[in-house]
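The values are calculated or read from the model by the stated rules, or taken from the named source; none is laboratory data. Quick caveat: nothing in here was measured; it's all calculated off a predicted structure. Methodologically, a virtual Cβ is constructed for each residue, glycine included, from the backbone with ideal geometry; neighbour enumeration extends over all protein chains shown. To get the accessible areas, we keep the full protein, side chains included, count just its heavy atoms, and leave off ligands, DNA and RNA. Shrake-Rupley method; radii C 1.70, N 1.55, O 1.52, S 1.80 Å.
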Amino acid sequence: MNVRATVTEHSPVIEPTWARVEADFYVGSRAGEFLGYIDGKGGGAFRAYDTFSRPVGEFDTVRDAMHAVLAATSNGSAL
Amino acid sequence: MAPETQMVTETDRPTALLSAVYASVATREFSRDQLDDLLRQSRRNNGASDVTGMLLYRDGRFIQVLEGPEKTVRDLLAVIKSDPRHEKVRVLLEEHLTERTFADWTMGYEPIRVPSSPVAPGFRDSFDDLESDDDPTTTRRAIRELTLWFRVRAASGS
Ligand SMILES: Cc1cc2nc3c(=O)[nH]c(=O)nc-3n(C[C@H](O)[C@H](O)[C@H](O)COP(=O)(O)O)c2cc1C
């Protein structure tokens, strides 16, 4: 049993990996695939970018920016 | 045996592109001036020998990507390894390339904003992952993250 994977009808859901490269810069990936990144602009603003490095919005928290990156991917824009 | 020549023709084998990544520890902390000197020296040499790459420096630690003709890169790596300005040189990854990742940079460098707090739970730290993890999957991921970051910073013209 792997507690980090949820079995669905089709395939296990693999948790994304988020890595900090420098202060306020995060890169997301899942199973070796690049998902997108977050670039903190200072003053509590975090810009989110999708897998093609296209901006998907600006957010007040890293968490919100992370959700935006994941949402942009699951919308199918990366598939 | 034919002696090695300076002129490399398309039929020569040593032109296979090699990428090598290593981590090392500065013997002494580098000042901005010392880093600039190192970059100037590296770019001059690399421009002449068809080597490209990226240099990262954080808290007295280096990570460098070198790419170019295989023999050139291996010879340069040997020179760099014996440079007294750093120690504990550890090659993390070597692979052949069909295309350069840093074609535009004789030695790309962007200053890293050193985080003031430890990384939050659940997050990786790319730099730490490269230095402390020998798993090739982790190494490749961390290099990809640092490469992406470098390209974003380089594109923003800082
Ligand atoms: C962290 C680090 C990275 C280096 N990177 C390069 C490089 O990319 N290219 C290079 O020619 N020398 C590099 N050097 C310097 C070499 O070790 C060596 O000093 C230099 O190639 C000698 O050049 P010179 O014969 O022109 O003086 C590096 C040294 C250090 C400590």
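Looking at this structure, is B:ARG151 in contact (Cβ under 8 Å) with a residue 24 or more places away in the chain and either open to solvent by 30 Å² or more (accessible area, probe 1.4 Å) or within 17 Å of the chain's Cα centre (by Cα) (or both)? It is false that B:ARG151 is in contact (Cβ under 8 Å) with a residue 24 or more places away in the chain and either open to solvent by 30 Å² or more (accessible area, probe 1.4 Å) or within 17 Å of the chain's Cα centre (by Cα) (or both). Considering only the stretch B:87-99, I want to know if a residue exists there that is surrounded by 15 or more Cβ atoms within 10 Å (Cβ to Cβ) and farther than 17 Å from B:THR139 by Cβ. Within the stretch B:87-99, not a single residue is surrounded by 15 or more Cβ atoms within 10 Å (Cβ to Cβ) and farther than 17 Å from B:THR139 by Cβ.
Looking across the stretch A:44-79 at every residue that is charged (D, E, K, R) and within 13 Å of another protein chain (Cβ to nearest Cβ), the one that is surrounded by the most Cβ atoms within 10 Å (Cβ to Cβ) is identified as A:ASP50.
Taking the stretch A:10-43 as the range and being part of a strand (DSSP E or B), surrounded by 16 or more Cβ atoms within 10 Å (Cβ to Cβ) and at positive phi as the test, only A:GLY36 passes. The requirement of being at pLDDT 95 or above, over 20 Å from B:GLU145 (Cα atoms) and of a type in the set (Gly, Ala, Ser) is fulfilled somewhere in the stretch B:20-27, by at least one residue.
Identify all residues within the stretch B:35-81 that are in contact with a strand residue (DSSP E or B) (Cβ under 9 Å, 6 or more places away or on another chain) and of a type in the set (Gly, Ala, Ser); write none if there are none. Matches in the stretch B:35-81: B:SER42, B:SER49, B:GLY53, B:GLY60, B:GLY68. Kindly provide the set of residues from the stretch B:131-148 that are surrounded by 17 or more Cβ atoms within 10 Å (Cβ to Cβ) and modelled with pLDDT under 90, ordered by number. Hit for the stretch B:131-148 is B:GLU131, nothing else.
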